[in-house]
Every structure is written in structure tokens, then in C-alpha cells.
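Structure record follows, encoded as C-alpha cells.
Values in this text are rule-based calculations from the coordinates and carry no lab data. Keep in mind the model is a prediction, meaning the values are calculated, not measured. Quick reminder, even Gly has a Cβ in these numbers, built from the backbone with ideal geometry, and neighbours come from all protein chains shown.
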Amino acid sequence: MTPIDVGIIGAGAAGIFCAANIGALVPGIRIVVFEATQSPLTKVKISGGGRCNVTHNCFDPGLLVKNYPRGYKELRGAFAKFQPQDTVAWFNERGVALKVEPDGRMFPVSDSSQTVIDCLMQECERHGVKVFKGQKILNLQKQDEWFSLNSKSGEQFKVKHLIIATGSTPEGHALAASLGHKITALAPSLFTFKISDPRLVGFSGISFAQAPLVLTIPGEKETNHQFSGPLLITHWGLSGPAVLKLSAFAAHDLFHSAYQATLKVNFANMSKDQVEEQIKAYATKHSKQQVANHSVIAAIPQRWWSHLCEHLGIVTELRFAELKATQRYALAEELTGGTYKVTGKGVFKEEFVTAGGIDLQEIDFRTMESKKAESLFFSGEVLNVDGITGGFNFQSAWTTAMLVARAIQTKFSSPE
Ligand SMILES: Cc1cc2nc3c(=O)[nH]c(=O)nc-3n(C[C@H](O)[C@H](O)[C@H](O)COP(=O)(O)OP(=O)(O)OC[C@H]3O[C@@H](n4cnc5c(N)ncnc54)[C@H](O)[C@@H]3O)c2cc1C
């Protein structure tokens with residue numbers, strides 16, 4: 001059994017980025033990545049709808065951390081050392097140019113995740129990194145200065161410096177726990193809301209550019225989360241960046257309430273008084289027009305306005321001159337504070353992550369080294385770090401991986 005200088009468990013974004021950079025920073029050492037499956041970087045492949053949303057166009061660490069419901073405090077310093085700007089430069093220097101979409105997401109110019117995979121795997125090969133596929137690590141022990149790893153295939157490996165980059169798999173968490181690490185509560189993050197409500201049925205596809213939302217979650221202590229952002233009516237309820245952001249920040253609270261909550265939506269993105277004023281002003285000028293046939297609010301499509309009028313008992317024949325104050329109030333109330341019952345968690349196929357993981361208090365975030373065991377490091381989603389959708393999850397993987405690589409470089413450059 002030849003000893004391995006650096007062993008990395010998991011060939012995902014974190015593990016492979018880590019391996020490639022250690023190879024570049026510490027030439028000549030033996031680096032092995034152990035991957036349970038036959039294919040490294042499977043999530044990168046399917047990420048961003050096959051385009052791979054590599055990072056986000058936000059180069060200010062102070063602003064960047066606001067996109068991480070878990071890990072924001074710890075990532076602040078980490079991003080000062082390796083942030084999206086560095087990611088863009090890293091890929092650019094290796095022939096992968098990234099482009100920015102209007103919402104800030106950054107993709108390879110090729111619009112293909114394969115470009116990112118090829119780049120990462122070529123870097124590993126260039127630096128002599130070995131990727132052992134089909135090598136699921138079942139358990140490990142630390143004896144003296146060495147980690148001893150046992151794989152499902154029955155092989156045993158001796159590793160000097162160990163990096164656990166197993167993503168959100170329970171097996172990876174179990175390996176960390178066996179070395180004394182605490183795993184915080186786990187819950188899914190980045191999902192849509194299931195809402196079965198006649199006001200939404202038949203209107204899937206209608207979107208709102210900016211809708212302030214307030215989510216109230218029942219429980220021993222009722223919690224409130226609020227965000228404003230783009231919103232989309234779907235076949236099963238509501239989706240869009242604002243909902244996904246709420247799902248991330250409220251991931252644990254929603255898990256505890258079994259995804260039962262109340263969502264208040266301001267579709268008009270105005271105050272109730274403003275909506276009432278606009279209806280009044282329109283009524284003065286167009287008193288003979290039928291209310292249901294004329295959406296007065298720019299954000300509300302005509303088809304849905306008619307439907308809401310019907311829902312509120314405003315008959316098609318009713319003219320603006322006949323609209324009672326109570327009806328006007330009810331319309332304004334519906335458009336600025338419509339209340340919907342969330343009854344479950346829907347899917348968001350583009351991206352999903354797990355909230356929870358290795359307790360961050362047990363990690364030195366300058367190096368990503370464990371405070372429990374020397375020469376043990378963590379990177380990526382295995383940690384209690386996760387971001388909202390938009391390239392933030394890969395960015396935390398790249399950043400934590402780079403910090404590990406630099407820490408390993410320091411270990412090899414300072415004599416023991
Ligand atoms: C459908 C989808 C799309 C996404 N799109 C985006 C996106 O566009 N942008 C973005 O920023 N984020 C995206 N994400 C999130 C992002 O993919 C993850 O946050 C990221 O992949 C985490 O990287 P990681 O290396 O920590 O873990 P993973 O990518 O999960 O890699 C962990 C690896 O470890 C291996 N492994 C686990 N246990 C063992 C073991 N015991 N022994 C050996 N190997 C083991 C696994 O097989 C896996 O290959 C997406 C997620 C999904 C599910």
C-alpha cells in the first residue's frame with residue numbers, strides 16, 4: 001500500500017477543484033481523489049440546466065455573503081481570499097471564458113457544462129492527480145499521523161492529509177462524525193411552493209417582475225420571512241427567484257412545519273392606497289368601461305385581472321362608475337396582500353441543495369482545517385454552508401477548495 005500525500009474523498013466541484021489546485025501549488029506530490037461513482041462532476045454536468053451556472057457577478061464579499069442563509073459569517077473572510085472575480089480569472093486563464101446574464105448569473109460562453117468539466121479534468125491530469133472511480137469510502141480511522149481509509153471494494157488506503165468533499169451525502173457526514181465532527185440538522189433548500197388555490201388555477205406562466213412576499217410559518221414560535229423579487233405562477237403553485245430565496249432562508253422553519261405556511265403576496269408591487277388611487281383615477285376618466293375588462297395596474301395582466309374580479313364577485317357588466325368603495329378596497333387588498341396557503345414543497349429542477357452539514361464552529365475558516373483532527377480538511381456542500389440559486393453554491397465550493405489547496409501548500413512548504 002503506497003502512502004498517499006493528499007487524499008480527497010468526493011470528485012464533485014469541491015474535490016476536483018481542490019485536487020487541481022493542490023497539484024498546481026505543490027508539484028510532485030501524490031494526490032488521489034476517491035469517487036464512489038464512475039463519473040466525476042455529475043452535478044456540474046447537470047447544473048444550470050446543462051449550462052453550469054459557475055458563479056455570480058458579485059465581486060464585493062460583503063454583498064456576496066448576503067446570498068448565503070448558512071455560512072455567511074464564516075464566508076466573509078474566505079471570500080476576501082478567493083471570490084467570484086478570482087473564479088472568473090481562474091477559468092479564463094485556462095481557456096474558459098464566462099459571460100454574465102442580466103440577472104447576474106455567470107455561465108461559460110459555450111453554454112455547456114462540459115466545457116467546465118473538461119477544463120477541471122484537464123487541470124487534474126496536467127498536475128498528475130489520480131481519480132479512483134468506483135471507490136466509495138465506507139469508513140476511516142486516524143492512527144498517529146495517518147488516515148486509514150477502507151473502501152467498499154475492500155481496498156485500504158493510507159493518506160497523510162485528508163479532505164472530505166462528499167457533498168450532502170449521509171455517508172460523507174458519517175465519515176466526518178466518526179472523526180468527532182458534529183453534523184447540524186439537515187433540510188432541503190431551494191424549492192418551489194405547492195399552493196392549490198382557485199385564484200391561480202389556469203394561470204401558469206404568468207410572471208411578475210417584482211413581488212414583495214411575506215411568509216408566515218406556524219410553530220411554537222411563529223416565524224416571518226420576507227423578500228421581494230420576480231415571481232411566477234406554476235401548475236402547482238408559485239415559483240421564481242423570490243420563492244426560491246424564501247425557501248432557502250426559511251428551509252429549517254418550513255421543514256419543521258411540514259411545509260405548511262401562509263404566503264402574503266403583493267402582486268401589484270404598490271401600497272393598497274396607491275392601487276385604490278389608481279382605480280379611482282381610472283374610474284373618473286373611464287366611468288363607462290367594464291371593470292373586469294380593464295386592468296388598471298401595470299403589473300397585473302388583463303386575463304388574471306378579469307379572473308380576480310370574478311373571484312371577488314365583480315360581474316363582467318359592472319362599470320367603473322358602479323364600482324362600490326368596498327369592491328375597490330377588496331381589489332386593492334387582493335392585489336397587494338393576497339393570502340395563499342402553502343401546503344407543500346415543490347421541485348425546482350435547475351438547482352437544489354441541502355441546508356445543514358459539518359458544524360462550522362469546528363472548522364478554521366482561514367484554512368478549512370478541522371479543529372478536531374490535524375490534517376483533516378473540508379470543502380463544499382458537506383459543510384453547513386449553502387447559498388440561494390444563482391451560482392453561489394459552486395462559488396462556495398471553489399472558495400473553500402482553494403483555501404484547502406493553499407493550506408496544503410503551506411503544510412508542504414513549512415518543515416515539520
Ligand atoms: C440539479 C442541480 C443543479 C445545480 N445547479 C447549480 C448551478 O448551476 N450553480 C450552482 O452554483 N450550484 C448548482 N447546484 C448546486 C451544486 O451542484 C452543489 O452545491 C455542488 O455540486 C456541491 O459540490 P460538492 O463538490 O461539495 O458536492 P457534490 O457535487 O455533491 O460532490 C460530492 C461527490 O462526493 C462523492 N461521494 C460522496 N460520498 C462518498 C464516499 N463515501 N466515497 C467516495 N465518494 C463519495 C459523490 O459521489 C459526489 O461525486 C445544483 C445542484 C443540483 C442538484
Debye log10 I(q)/I(0) for the chain, one point scatterer per Cα, at q = 0.07, 0.11 Å⁻¹: -0.41, -0.83
Cα-only Debye scattering, region 7-74: base-10 log of I(q)/I(0) at q = 0.18, 0.25, 0.27 Å⁻¹: -0.91, -1.05, -1.07
Per-residue [θ]222 nm for the chain (sum of -39500 (n - 2.57) over DSSP H runs n ≥ 4, rounded to 500): -10500 deg cm²/dmol
Cα-Cα over 30 Å, subset of Lys272/Lys341; Lys152/Lys371; Lys345/Lys371: Lys345/Lys371
Debye equation applied to the C-alpha atoms of region 314-416, log10 I(q)/I(0) at 0.17, 0.22, 0.24 Å⁻¹: -0.87, -1.13, -1.24
Estimated distance in nm for a label pair at Asp197 and Leu63, the labels positioned 7 Å out from Cα along Cα-to-Cβ: 3.2 nm
Leu383 long-range amide H proximity, modeled H, under 5 Å: Ile358
GNM result for the chain, Cα springs below 10 Å: residue of Phe107, Phe91, Phe377 fluctuating most strongly: Phe91
Axial C-alpha extent at least 30 Å, average Kyte-Doolittle at least 0.0 - helices from the chain (DSSP): 392-413
Region 17-133: radius of gyration over Cα atoms, expressed as a fraction of 2.2 N^0.38 Å: 1.13
Which of Thr42, Gln278, His161, positive extreme of dipole for the chain (C-beta unit charges): Gln278
Vicinal HN-Hα couplings computed from phi for region 146-153 (Karplus, 6.51 cos²θ - 1.76 cosθ + 1.60; Hz; Gly/Pro x): 10, 9, 10, 10, 10, 9, 4, 6
Loop-located trypsin sites (Lys or Arg not before Pro) in region 1-65 whose Cβ has at most 16 other Cβ within 10 Å (DSSP): Arg30
Region 96-195 - Rg (one decimal) and Dmax (whole number), Cα, Å: 18.7, 56
For region 294-347, radius of gyration divided by Kirkwood radius, i.e. Rg to Rh on alpha-carbons: 1.05
Spatial extent of region 191-347: Rg and Dmax, with the Cα atoms as the point set, Å: 16.4, 52
Pairwise FRET efficiency - Lys99 versus Leu138, Cβ, R0 = 41 Å, nearest 0.05: 0.45
Listed pairs Lys280/Lys324; Lys158/Lys182; Lys160/Lys411; Lys43/Lys133 exceeding 18 Å between Cα atoms: Lys158/Lys182
Interchain or long-range residues, amide H under 5 Å from Asn53's placed H: Gly48
Amide N of region 265-302 lying under 18 Å from the label point, which is placed 7 angstrom from the Cα of Glu317 along Cα→Cβ: 288-294
Relative contact order (percent, whole number), the chain, Cα cutoff 8 Å, 6+ residue spacing: 23 percent
Residues with amide H under 5 Å from that of Ile163, placed H, sequence gap 5 or more: Gly7, Ile8, Ile9, Phe377
